[in-house]
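Undergrad: Here it is: the structure, laid out below.
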Amino acid sequence: MDKIKKLINDSYQKIKTQWNEGKIQRTSRVTYDVTWNIILFFIIIGVVGLFFAGGVGAGYFASLVKDEPIRSYESMEADIYNYEETSTLYFAENKYFGDIRSNIMREEVKLENVSDTLIQAVIATEDRNFKEHEGVVPKAILRAIVQEATNAAVKTGGSTLTQQLIKNQILTNEVSFERKAKEILLALRLERFFDKEEILEAYLNIVPYGREASGRNIAGIQTAAQGIFGIDAKDLNLPQAAYLAGLPQSPSYYTPFKNSGGLKDPGALKPGLNRMGTVLNRMYEAEYITKEEYEKALKYDIVADFNLESETPMDQYQYLMYEAEKRAKKILAKQIASEDGYTLEDLQNDEKLNEEYMILADRALRKNGYEVHTTIDKEIYVAHQEIIKNYKNYGPDRTYSVTDEETGEEVKVVEPVQVAGMLIDNNTGKIISFIGGRGYSPENTFNYATEAKRSNGSTMKPLLDYAPAFETGILQPGTPLADVRTYYGKYSPDNYSGSFNGIVSARKALAESFNVPAIAVYNKLMNKGIGQEYIEKMGISTIKDAEYSNLVLGIGATTRGVTIEENINAYNTFANGGEFVDGYMIDKITTNDGKVIYEHKTKPVKVFSPQTAYLTLDVLRDVLDYGTATYLQSQLNTASSVDWAGKSGTSENWHDYWFIGTNPNITMGTWIGYDTPSPLNNCDNCAPYNERNMKLWAKLVNKATEINPELMAPEANFERPDGIVERSYCAISGKLPSDLCSKAGLVYSDLFNAKYVPTETDDSLITGSYVLVDGKAVVAGPKTPQEFVNGNGLTFNPEFLKKNNYDRLNDLTKLFPAKDRAKWERIGVPSGEVGSTIADDGKAPATPSSIKKSGGNLTWNDSSSKDVVGYRIYRASKPDGAFSLIGNTTSTSFGVSDGNAVYRIKAVDYFGMESTASEGVVVGDLSKPEPDPKPEPKPEPDPKPEPKPEPKPKPDPKPDEPKDPNEPKKPEDKEDPPTDPGDGPVTPPVEPPAQGDGDTEVKKDPDKNKEE
């Protein structure tokens, strides 16, 4: 211890001595100076290095952004608010039904409509200093640079919300120092122009959020809230807000839904749930929520809030989505082209130009967030789709095999009966509903209502034949038309039944859809250059010029076909008093803030006079009353209370069947047929094909009437315009009734356009009777035996027959219609060509030869004399017995019994002279003679009662009664010489059109219901 004290004391004394001598002070000063100088040196070097590095860094930064232009406020505003917002679709009355198909779905929302909780969650997660910084956070940038340089496993990122907005809306996602430098520069500039709320709103509208329940890509907080939770962004609770705020870091990884739609497996949901926990923790650290709220939110069952997989609008409104989008795109293409100085005709005539503007329109539709408002009534449309889905009476699927071009194997193809239809408001042209087809799939979006081109069969007749003929005065509803075998070169049309109907009115010919009169009417129009301009004004554009020279177009046999929409739409011309109103589906297109950029304006086109329109409608009423669509009376709930008019139509070989009906408010039409044209009537166990379609049509109409009776079932009838009068006419000629026509009982009445009331008196009949002389009908003379005379005092005027080409028929009785046939037969016109006089040669006619018995008839050869009017038949019980007259005939055969007798024939000429008797022919066994019969008295002519005229007043005249369906049909002679009922030269038909979308030359018109 003493030694230690001594050592300390010695040391102290030494230090004290050195201090007193100044040695310690000198040594410390030197050390201090040296140390300080060294520190100062390094400070100077550091500052210089820092300035150097800063200069180099600044220079490098400047080099990175040297090509970036100085952006104006307007430029940056346009960029950050370019959200590429998805356009939306609406039913009528502003009822939303879906979005335009797009790669990403986005709906813009104002910041005021986003929950504060979501905003807090986003700031706490993505940019905690958002409200304080000026666009960038230097510390965060340095941290990101260090992490990038050291390739750190966990990178926290250095971008503010402002920078993320710049990256998404102005720059790209490219990873480079140049892009980062520009991002920093633009973020600083953006913060100078816009306030924090504007930046945040823009960010929330552009950020991606993965997928929604149906598997579609989504962006923007409103779309995310709706697509993931089924609520609006303003209604998000804390756990929901935290979940959505966490998605943008890795949308595809954290999203709860699969690419194909529906929830992911529980294991695949965990990353998103963990991310929600991270967001909640950051909100707690940022003091946006309390610990209690934080813990409660962690326990929340967020999975229960996820949307269930459901039908998308594309699933629910398949055809409508595509059709509305297609039509909106055409409208926008036309508008954009117009702004560039191009017309609609320019686009139609330049395929490449049209394609260019369709691309621009498509881009605008998918980016600009338009609201597309359609005319479609949601309730009616949905109900119609349900009917189409559940209807059981289409008929059988068609199955056939084709060869696979790649494998060479036979592949079975199954085609269902397809269907299409449309319901149109007559006055406005609004398409209320439509039927696009059956069996829709993403691979087959073909819309049969708007895209299919099919032959329209007899629905063409009012459009191309009768209405134009009414308009030009060529005929009126009562005008007689000859439904007889007629040739146009080698072409000769047939009716559905294969038989003919004689002289019928235009009204009956159209109501019962006879083909031969329709062809005759179209031939007259064609020879006068009439028809094409009318049908084109009615919106039918698919028929090309060359087709109008084809006679079979008059009965709806087309080369390319017409669309279902065009054909149905054309019929509103009649309901609108002769004005065509084009159907439309897009009512208006607006921006999302309500600015109207397109609005449809109805522009009626004058086609027919009101008088023609009404006359056509009045005839089409008869189609349902007694014509080809009487079946509808048992199917329509409004058959008796609504003024319906309509037309059925069938194309060649039963490939297509149509019915189009119209009332004062609407026009509704349906079509059925196979995708590949094939007969619809090959079904033994089905209802008739026409009934199948009419039943469907009635179901659609009945349902729409239940939904909107005011639209579908108007109380008022079609309004009869001034200039329509009712007049009597002769059913033979169509002219004013003559006394002789009244005597024949063939005066009818019908409606006329007052401009075309007949002014000439009927000249079809003259007084007297005809006999057949050498194949010609000749007026009976005073000596002509009465037993060979027919006509009861009235005969056809030979000049009338010749003027109408009826003299070319070899049997004039083919002109006799079913209606009042007995009255026509009393005119007594024999078969053959018609003459007026015959010279008397003063000689008895030559004897008939070659008499024999054949079966139950006696037959013989004609007398060689040219003035013979008939033959008398004589009978005796034995060759040398007395012969008695037993009958007469104008033919060369006579029916006899099998009794035992001998028969002889004598020819009788125009002047009453008889030939010598022919050789006798023995019938039976003359070894058992029978007593001679008493001579039969010479037959007296029929009495000639005066028939009373039969005027038929009728408010809505339908003079032609339907033919009794049970009446046996008379076989027709197919070897008549050619006749041409048209005016002017006959135009031979072109070659039958090739079968494709349309049909070939029509030979039959199956426009009949099952009673026919």
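Laboratory data are not the source of any read-out in this text; all were calculated from the coordinates shown. All values reported here derive from a predicted model rather than from experimental measurement. Don't worry about glycine lacking a Cβ; one is built from the backbone with ideal geometry, like all the others, and counts go over all protein chains shown.
Undergrad: What distance in nm separates the simple spin-label points at S849 and K258, each placed 7 Å from Cα in the Cβ direction?
TA: That separation, rounded to one decimal, is 9.8 nm.
Undergrad: Could you give the nm distance between label points at S499 and I766, where each point is 7 Å from its Cα heading toward the beta carbon?
TA: Inter-label distance under the simple model: 3.3 nm.
Undergrad: Continuing with this model, one more query. When ranked by the protection proxy of mean other Cβ atoms within 10 Å per residue, highest first, what sequence do the peptides 471-481, 583-593 form?
TA: 471-481, 583-593
Undergrad: Please compute the modelled spin-label separation between R438 and S640, points set 7 Å along Cα→Cβ, answer in nm with one decimal.
TA: 3.3 nm
Undergrad: Also: Listing L111, L344 from the residue with the fewest other Cβ atoms within 10 Å to the one with the most, what is the order? It would help to have the intermediate numbers written out before the result.
TA: Numbers: L111 17, L344 13.
Least crowded to most crowded, the residues run L344, L111.
Undergrad: Next question. Just flag the GluC sites (Glu not before Pro) in the stretch 644-716 sitting in loop per DSSP whose Cβ has no more than 15 other Cβ atoms within 10 Å.
TA: Loop-located and lightly packed - E715.
Undergrad: Count charges around V581 for me, please; just the other residues with Cβ under 14 Å from its Cβ, Lys/Arg as +1, Asp/Glu as -1.
TA: Every neighbour counted, the sum reads 0.
Undergrad: Follow-up. DSSP loop chymotrypsin sites (Phe, Trp or Tyr not before Pro) in the stretch 479-520 with at most 13 other Cβ atoms within 10 Å of their Cβ, which ones?
TA: none
Undergrad: Can I ask one more? Taking a ≥ b ≥ c as the square roots of the eigenvalues of the Cα gyration tensor of the stretch 641-708, is the shape rounded (a/c under 1.5), prolate (a/b larger than b/c) or oblate?
TA: In terms of gyration-tensor shape, prolate.
Undergrad: Which pairs break 25 Å Cα to Cα here: K453/K588; K131/K270; K508/K776; K330/K430?
TA: K453/K588; K131/K270; K508/K776
Undergrad: Taking the alpha-carbon centroid of each part, what is the distance from the stretch 527-592 to the stretch 637-715 in angstrom?
TA: Value for the Cα centre distance between the two parts: 19 Å.
Undergrad: Percent relative contact order of the stretch 177-256, based on C-alpha pairs within less than 8 angstrom and at least six residues apart?
TA: Values: 70 pairs, mean separation 19.7, N = 80.
It comes to 25 percent, rounded to a whole number.
Undergrad: Which of the three applies to the stretch 849-923, rounded, prolate or oblate, going by the alpha-carbon gyration tensor with a ≥ b ≥ c and a/c under 1.5 meaning rounded?
TA: Since a/c reaches 1.5 and a/b is larger than b/c, the shape of the stretch 849-923 is classed as prolate.
Undergrad: Right, something else. Between N717 and N527, what is 0.36 nm times their sequence separation minus the Cα-Cα distance? Round to one decimal in nm. Provide the component values of the computation, followed by the final result.
TA: Working: separation 190, 0.36 × 190 = 68.40 nm, distance 3.63 nm.
The span from N717 to N527 would gain 64.8 nm if fully extended.
Undergrad: First check a/c for the stretch 318-368, with a ≥ b ≥ c the square roots of the eigenvalues of its C-alpha gyration tensor; if it is under 1.5, answer rounded, and if not, answer prolate when a/b is larger than b/c or oblate otherwise.
TA: Cα axes put the stretch 318-368 in the prolate bin.
Undergrad: Provide the gained length on full extension for the span E295 to T407, in nm with one decimal, where the gain is 0.36 nm per separating residue minus the Cα-Cα distance.
TA: Working: separation 112, 0.36 × 112 = 40.32 nm, distance 6.42 nm.
Answer, rounded to one decimal: 33.9 nm.
Undergrad: Return the sequence-ordered ³J(HN,Hα) values of the stretch 593-600 in whole Hz as given by the Karplus equation 6.51 cos²θ - 1.76 cosθ + 1.60 applied to θ = phi - 60°, using x for Gly and Pro.
TA: Listing the rounded values in order: 9, x, 6, 7, 9, 7, 9, 5 Hz.
Undergrad: Let me ask you something else. Relative to the present Cα-Cα distance, how much length would full extension add between Q316 and A882 at 0.36 nm per residue of separation?
TA: Working: separation 566, 0.36 × 566 = 203.76 nm, distance 9.49 nm.
Value of the extension gain: 194.3 nm.
Undergrad: If you don't mind, another one. Say the cut-off is 29 Å between C-alpha atoms; which of K95/K234; K167/K334; K95/K389; K326/K378 go over it?
TA: K167/K334, as the Cα separations exceed 29 Å there.
Undergrad: Please identify every one of the trypsin sites (Lys or Arg not before Pro) in the stretch 300-401 that sits in a loop by DSSP and has no more than 15 other beta carbons within 10 Å of its own beta carbon.
TA: K392
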